[in-house]
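Please read the structure below before turning to the comments.
The values are calculated or read from the model by the stated rules, or taken from the named source; none is laboratory data. Worth saying up front: this structure is predicted, and the values here are computed from it rather than measured. Cβ placement follows ideal geometry from the backbone for every residue including glycine, while neighbour counts extend to all protein chains displayed.
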């Protein structure tokens with residue numbers, strides 16, 4: 001069976017294209033004429049990119065931006081880089097509003113989270129769905145004319161799965177969302193698997209999990225191919241709302257996700273401050289320089305937060321001394337949320353920890369305290385919260 005799967009992949013890779021001559025790894029869904037009307041007719045455009053380090057770095061993002069500027073030389077573009085290393089689609093759903101939607105009208109939105117949902121968050125199918133549907137549904141509800149493209153990048157584990165004919169969990173979950181909401185897919189991961197199997201590319205030449213120039217160029221070329229195809233035969237005279245499905249895939253998806261500033265919590269025993277990073281062990285990324293965090297490092301110190309919604313979590317920097325937070329919602333049982341991550345050993349690692357989900361909608365009060373115990377790998381019991389996350 002394994003040999004048969006490999007043979008099927010090889011045959012598809014050798015073919016390279018489907019019967020109609022289209023790349024099977026570039027899937028066009030829905031319309032992209034709204035962005036075309038804006039770029040070509042209005043001579044202005046706002047393009048946003050959201051993802052992890054693959055988006056944040058000097059990679060496919062600036063290549064796509066350069067391609068758009070070349071295609072529309074008279075258009076004034078505003079490009080938003082909302083890539084934050086290590087973050088997954090769950091964090092994306094909560095930071096979407098403040099980091100993209102509140103910037104104004106977005107005409108074209110690029111998303112990548114498959115790799116981080118896998119190797120950073122280790123998400124289950126359900127969490128991959130809740131994060132991606134949270135982003136897509138919220139974006140389409142708030143800005144129904146926004147055109148969206150999702151790209152699947154790849155790591156070694158995902159590559160192995162694809163070469164064996166298996167679909168990695170994040171991609172399978174994300175595809176379910178994208179099909180329902182008619183969002184196009186750039187299946188870069190499978191394109192890489194196909195080319196490696198066919199012998200026209202190597203993993204080293206591609207550049208690895210964080211692609212090099214060759215790998216990023218392949219991604220940019222696939223996106224260029226998708227958009228040119230979508231824009232080849234325009235029919236709309238005016239922008240049109242994209243359809244928004246009435247039913248959600250998962251009622252617990254984070255489509256009402258947003259940040260809630262810890263400054264608003266009753267933090268009498270916790271400190272709202274910029275940590276003295278030079279005095280705290282562990283690497284620190286400049287992305288978070290100068291930011292105030294809600295901090296505590298003494299067990300049983302308590303704080304309180306009032307929120308409205310069905311879920312509560314925290315977007316934290318979890319370093320070598322990251323502790324465990326105990327949370328009680330509306331006077332209920334105390335439950336633990338471990339902040340420490342395997343990458344916390346040498347880095348103040350950005351991640352979102354969900355404390356409670358699937359609550360009854362409405363107003364809630366949460367009490368939080370540091371637990372007496374901590375992860376065996378941790379050197380302390382600290383909590384440093386960038387934002388509370390509510391849905």
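Taking region 282-317 on its own, how many of its residues are in a loop (DSSP other than H, G, I, E, B) and under 16 Å from residue 368 (Cα atoms)? If you could, list the steps in order and put the result at the bottom.
Of the residues in region 282-317, the ones in a loop (DSSP other than H, G, I, E, B) are 282, 284-285, 289-292, 297-301, 309-311.
This time we only want the ones that are under 16 Å from residue 368 (Cα atoms), so: 297-301, 311.
The qualifying residues number 6.
Just to be sure before I move on: is residue 334 more than 20 Å from residue 91 (Cβ to Cβ), modelled with pLDDT under 95 and more than 21 Å from the chain's Cα centre (by Cα) in the structure I sent? So that I can check it myself, show each step before the final result.
On the way: more than 20 Å from residue 91 (Cβ to Cβ): yes; modelled with pLDDT under 95: no; more than 21 Å from the chain's Cα centre (by Cα): yes.
For residue 334, the condition - more than 20 Å from residue 91 (Cβ to Cβ), modelled with pLDDT under 95 and more than 21 Å from the chain's Cα centre (by Cα) - is not met.
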Selection within region 10-28 - modelled with pLDDT of 95 or more and more than 25 Å from the chain's Cα centre (by Cα): none
Scanning region 252-275 residue by residue, those assigned to a loop (DSSP other than H, G, I, E, B) and free of Cβ contacts under 8 Å to residues at least 24 places away in the same chain turn out to be 274
Out of 98, 31, 85, 35, sole residue that is under 20 Å from the mean Cα position of the chain (by Cα), surrounded by 15 or more Cβ atoms within 10 Å (Cβ to Cβ), at pLDDT 95 or above and not in a strand (DSSP E or B): 85
As an exercise: evaluate residue 110 against (1) assigned to a helix (DSSP H, G or I); (2) within 11 Å of the chain's Cα centre (by Cα) and give the number of the one condition it does not meet. (1)
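Looking at 376, 320, which is the one that is in contact with a helix residue (DSSP H, G or I) (Cβ under 7 Å, 6 or more places away or on another chain), part of a loop (DSSP other than H, G, I, E, B) and either in the same structural domain as residue 93 (by TED's automatic domain parsing) or closer than 23 Å to residue 122 by Cα (or both)?
Of 376, 320, the one residue that is in contact with a helix residue (DSSP H, G or I) (Cβ under 7 Å, 6 or more places away or on another chain), part of a loop (DSSP other than H, G, I, E, B) and either in the same structural domain as residue 93 (by TED's automatic domain parsing) or closer than 23 Å to residue 122 by Cα (or both) is 320.
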Suppose the filter is in the same structural domain as residue 29 (by TED's automatic domain parsing), closer than 16 Å to residue 23 by Cα and touching a helix residue (DSSP H, G or I) at 6+ places or on another chain (Cβ under 9 Å); does residue 172 pass it? no
Out of (1) within 15 Å of the chain's Cα centre (by Cα); (2) part of a helix (DSSP H, G or I), the odd one out for residue 148 is which? (2)
